[in-house]
Amino acid sequence: MLTKTAVLVLRLQGPLQSWGYDSQFNRRNTALFPTKSAIVGMCCAAMGFSRGSEEEQLALEKFVMLRLLCVSIPRVYRGKEVFVKRIQDYQTVQNTVSADGKPKKDAVLTYRQYLNDAYFYAFFEGDKEFLEIVAEKLQNPVWGVWLGRKACIPSAPVFAGIFDSEGDAANTLLEGKSLQGFTCIREVDAFGQGIDSYMDQAVSFESAARRYTPRRVLLKEAQSR
């Protein structure tokens with residue numbers, strides 16, 4: 001018996017977003033597109049799963065089976081398109097330790113990147129029954145959801161709808177415009193179908209044993225709309 005499929009769409013819109021990727025020590029970078037691990041973490045928070053719990057682990061196994069498409073939506077201000085920018089802030093952190101394990105007396109500077117003027121739709125395609133559960137929780141989350149970091153609060157409802165197919169979702173949310181007119185990054189099944197690999201397929205969020213595996217993706221630039 002074939003599993004019924006559906007497409008769940010998340011609206012990722014806010015003045016600041018930060019999708020941690022390739023971060024080292026006191027520098028916290030952001031990718032230009034949302035990472036799958038961050039979006040999955042958002043969904044798990046909405047579902048109320050404790051980090052490292054059995055419920056979360058079962059959900060992560062199901063999220064691995066979902067294919068993710070992220071679409072960048074242009075922002076327009078006074079008739080002109082506003083391009084996404086990376087901005088960098090710095091913060092200070094106290095009570096850190098040095099390499100020899102001794103506490104540091106002084107605060108340490110950390111540099112953190114954010115996306116400004118970004119707006120995305122994230123399409124999850126896969127098992128309809130599971131996506132309907134996620135959709136319900138996104139509309140009434142158990143815990144707060146944010147766009148990568150707690151300071152990045154969504155400015156619009158995250159739940160954008162659940163649809164029978166990608167075509168139906170795109171036609172509704174993109175106002176009849178073709179996906180080819182938008183820059184998007186799509187998860188693919190085979191290595192040869194992609195052009196890059198992201199280490200953002202979450203296997204475990206347990207604090208002491210976070211694990212991720214590679215995910216093959218294909219980036220397509222927007223054509224003339």
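The values are calculated or read from the model by the stated rules, or taken from the named source; none is laboratory data. It should be emphasised that the depicted structure is a prediction, and the values quoted were computed from it without experimental measurement. Positions of Cβ are generated from backbone atoms using ideal geometry, with glycine treated the same way; all protein chains shown enter the neighbour counts.
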Item to complete: Specify which of the listed residues (81, 54) is under 30 Å from residue 129 (Cα atoms), charged (D, E, K, R) and over 17 Å from the mean Cα position of the chain (by Cα).
Response: 54
Discussion item. Condition first: aliphatic (A, V, I, L, M) and either modelled with pLDDT under 85 or at positive phi (or both). Now tell me which residues in the stretch 91-107 satisfy that.
Written reply: 93, 97, 99
Worksheet item: If residue 160 passes every condition in (1) surrounded by 12 or more Cβ atoms within 10 Å (Cβ to Cβ); (2) on the phi > 0 side of the Ramachandran plot but one, which one does it miss?
Response: (2)
Item to complete: Tell me which of these residue 155 doesn't satisfy, since it passes every other one: (1) among the hydroxyl-bearing types (Ser, Thr, Tyr); (2) farther than 22 Å from residue 65 by Cβ; (3) more than 19 Å from the chain's Cα centre (by Cα).
Response: (3)
Fill in: Total residues in the stretch 16-30, condition surrounded by fewer than 24 Cβ atoms within 10 Å (Cβ to Cβ), more than 17 Å from residue 144 (Cα to Cα) and touching a residue at least 24 places away in the same chain (Cβ under 8 Å)
6
Response to the item:
Scanning the stretch 186-217 for residues that are in a strand (DSSP E or B), more than 28 Å from residue 50 (Cα to Cα) and of a type in the set (A, V, I, L, M) gives 217
Worksheet item: Can residue 125 be described as closer than 19 Å to residue 173 by Cβ, surrounded by 15 or more Cβ atoms within 10 Å (Cβ to Cβ) and among the acidic types (Asp, Glu)?
Response: yes
Item to complete: Identify the residue in the stretch 2-20 that is over 24 Å from residue 156 (Cα atoms) and in a loop (DSSP other than H, G, I, E, B) and, among all such residues, is modelled with the highest pLDDT.
Response: 4
Discussion item. Of all residues being exposed (fewer than 10 other Cβ atoms within 10 Å of the Cβ) and basic (Lys, Arg) in the stretch 62-114, which is nearest to residue 125 (Cα to Cα)? Just the residue, please.
Written reply: 80
Practice prompt. Please find, within the stretch 163-192, the residue that is modelled with the highest pLDDT out of those that are within 21 Å of residue 35 (Cα to Cα) and touching a helix residue (DSSP H, G or I) at 6+ places or on another chain (Cβ under 6 Å).
Written response: 170
Discussion item. Every residue in the stretch 37-75 that is of a type in the set (D, E, K, R) and either free of Cβ contacts under 8 Å to residues at least 24 places away in the same chain or out of contact with any helix residue (DSSP H, G or I) (no Cβ under 8 Å at 6 or more places or on another chain) (or both), please.
Written reply: 51, 54, 55, 61, 67, 75
